[in-house]
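In what follows, a structure is listed as structure tokens, so that the remarks can point back to it.
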Amino acid sequence: MRYFPELNRGKCKTYVVACERTRKALLIDPVRESISRYLAFLAYHRLTLDALLDTHTHADHPTGSFQLRDLTGARLIMHRRAPVPAVSEHVEQGDIIRVGEAALRVLYTPGHTPDSISLHAEDRVYTGDVLLIGGTGRADFAGGDSGQQYDSITRKLFALPDETLVFPAHDYRGNTHSTIGQEKRHNPRIAGRTRDEYVALMASLNFPMPDKIQEVLQPNQSAIDDDKAKFPDLTELNKVRQLTADDVSSLLAQSNPPLLLDVREANEYSGELGHIPGSVLIPLRQLFDRAGELDAHKGRQIVVVCRSGVRSTTAAAMLYGMGYERVYNLKDGMVEWNDRRLPVER
Ligand SMILES: [Fe+2]
């Protein structure tokens with residue numbers, strides 16, 4: 001296996017891991033503005049782009065994965081809870097990602113986001129935004145959870161040997177890497193803190209919301225990469241009422257059940273997770289144009305459904321904006337519906 005130095009030389013980190021025999025390469029966390037640089041780099045080193053991987057749904061920069069996937073045909077790998085439809089392979093804790101003869105093990109490390117993974121290979125671990133050098137990723141938006149983050153770091157990452165090299169997805173101080181032992185002993189956020197202390201610390205930090213967060217986040221969550229697309233703002237998204245899979249299942253058993261509106265792509269609707277029987281399919285990208293099809297249901301309860309509950313929250317907020325008042329979201333989407341073993345059709 002060959003590990004190349006970080007490619008961006010900036011605050012966002014992009015890494016390449018390659019198999020020396022087959023010359024197949026994996027690109028981790030590419031950013032959209034540097035796509036040409038990555039393609040030139042790969043060509044110079046005579047590598048074939050076999051796979052792209054986002055360690056999580058990014059909120060601070062548009063991902064380069066969608067365009068690189070379209071340009072090269074490389075597969076896109078993300079965690080099972082990643083909301084975006086463009087993913088070709090979903091992975092979970094313990095899975096092995098193979099790129100030629102290179103192999104990386106997936107550690108599921110949620111907390112910064114629900115779809116955060118780390119990748120462990122030989123002497124190193126790529127930690128995404130869960131564990132940074134002398135810091136941790138924020139856990140206060142996009143489904144973050146500081147308690148989960150503490151568990152991911154202390155139980156999974158700190159369980160690796162102390163000498164394991166740490167390569168995060170961000171660094172703001174010019175560091176290139178650290179080690180598990182160093183973070184265990186000196187990371188000012190987490191070293192020596194209990195879970196409760198860490199949660200309290202993270203709650204006290206009060207970072208400002210990043211600029212234009214929804215304008216970055218929603219295209220990364222939906223693969224709708226269209227400058228003209230209008231996404232709901234955070235206030236609108238926060239108004240969406242969330243129902244659990246069990247709530248929705250009991251509503252469906254009533255005499256006047258809600259309309260189920262599935263906003264995934266057609267291939268997902270008939271794919272591995274299936275769909276809830278009786279649900280109507282209108283992909284999110286077509287919702288504005290096809291909302292007229294829902295006119296007959298304006299007074300009815302509507303539950304919006306997608307893969308992980310993210311695109312459907314966007315759709316529900318859009319429907320509110322169009323005057324639909326009784327709109328709800330299926331929290332955690334079809335991933336959770338399947339995990340609860342509720343009925344699906346394929
Ligand atoms: Fe992030």
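Just a few scattered comments:
- Here the average projected area of the convex hull drawn through the C-alpha atoms of the chain stands at 17.7 nm².
- Helical content alone sets the calculated 222 nm signal of the chain at -7000 deg cm²/dmol, taking -39,500 (n - 2.57) per DSSP H segment of four or more residues and averaging over every residue.
- Given their separation in residues at 0.36 nm each and the Cα-Cα distance between them, residue 67 and residue 46 gain 5.5 nm when the chain is fully extended.
- Packing-based ranking of 331-342, 195-206, 300-311 yields 300-311, 331-342, 195-206, ordered from highest to lowest mean Cβ neighbour count within 10 Å.
- If R0 equals 35 Å, the separation of the Cβ atoms of residue 155 and residue 242 corresponds to a calculated FRET efficiency of about 0.80.
- Near residue 179, the amide H atoms lying under 5 Å from its own belong to 166; only residues 5 or more places off or on other chains count, and H is placed 1.01 Å from N.
- If you take all other residues with their beta carbon under 15 Å from the beta carbon of residue 45, and give Lys and Arg +1 and Asp and Glu -1, the sum is +3.
- The stretch between residue 289 and residue 185 holds 31.9 nm of extra length on full extension. This uses 0.36 nm per residue minus the Cα-Cα distance.
- Annotation: amide H of residue 124 within the under-5 Å range of 165, sequence separation 5 or more or interchain, hydrogens built in the peptide plane.
- Karplus-derived HN-Hα couplings along segment 94-111 (A = 6.51, B = -1.76, C = 1.60, θ = phi - 60°), whole Hz, x at Gly and Pro: x, 5, 10, 9, 10, 10, x, 9, 7, 9, 10, 9, 7, 10, 7, 10, x, x
- By the rule of a C-alpha distance below 13 Å, with chain neighbours fewer than 8 residues away ignored, the aspartates and glutamates paired with residue 13 are 29, 33, 54, 60, 129, 171.
- About the Cα centre, charge dipole magnitude for segment 214-257 (Lys/Arg +1, Asp/Glu -1 at Cβ), debye: 180 debye
- Considering only the chain, percent of DSSP beta bridges that pair antiparallel, nearest 5: 45 percent
- Across the chain, the relative contact order, built from alpha-carbon pairs under 8 Å that are at least six residues apart, equals 13 percent.
- Accessible area (Å², 1.4 Å probe, nearest 10) - residue 193: 80 Å²
- Residue-normalised accessible area of the chain, given per residue in Å² at a 1.4 Å probe: 45 Å²
- Taken along the Cα-to-beta-carbon direction at a fixed 7 Å, the label points for residue 201 and residue 33 span 3.1 nm.
- Vicinal HN-Hα couplings computed from phi for segment 4-21 (Karplus, 6.51 cos²θ - 1.76 cosθ + 1.60; Hz; Gly/Pro x): 9, x, 3, 8, 8, 6, x, 7, 8, 10, 10, 10, 10, 10, 9, 8, 6, 6
- Spacing of the two label points (7 Å from each Cα toward its C-beta) at residue 103 and residue 4, in nm: 2.4 nm
- Considering only 47, 62, 99, and ranking their Cα positions along the charge dipole of segment 12-103 that arises from unit charges at the beta-carbon of Lys, Arg, Asp and Glu, the one farthest toward the positive end is 47.
- Solvent-accessible area assigned to carbon and sulfur over the chain amounts to 48 percent, based on a 1.4 Å probe.
- The length gained on full extension between residue 341 and residue 141, counted as 0.36 nm times the residue separation minus their Cα-Cα distance, comes to 69.2 nm.
- HN-Hα J in Hz across segment 317-333 - Karplus 6.51, -1.76, 1.60, θ = phi - 60°, x for Gly and Pro: 5, 5, 5, 3, x, 8, x, 7, 9, 9, 10, 10, 10, 7, 5, 6, x
- Amide H to amide H distances under 5 Å link residue 48 with 24, 25, where only residues 5 or more positions off or on other chains count and H is placed in the peptide plane.
- Long-range tail of P(r) for segment 24-146 (Cα pairs > 25 Å, %): 21 percent
The values are calculated or read from the model by the stated rules, or taken from the named source; none is laboratory data. Note that the coordinates shown come from a computational prediction; the quantities given were computed from them, not determined experimentally. With ideal geometry, Cβ positions are generated from the backbone for all residues, glycine too; neighbour counts draw on all protein chains shown. The accessibility values were calculated without ligands, DNA or RNA, using every heavy atom of the protein model including side chains. Shrake-Rupley method; radii C 1.70, N 1.55, O 1.52, S 1.80 Å.
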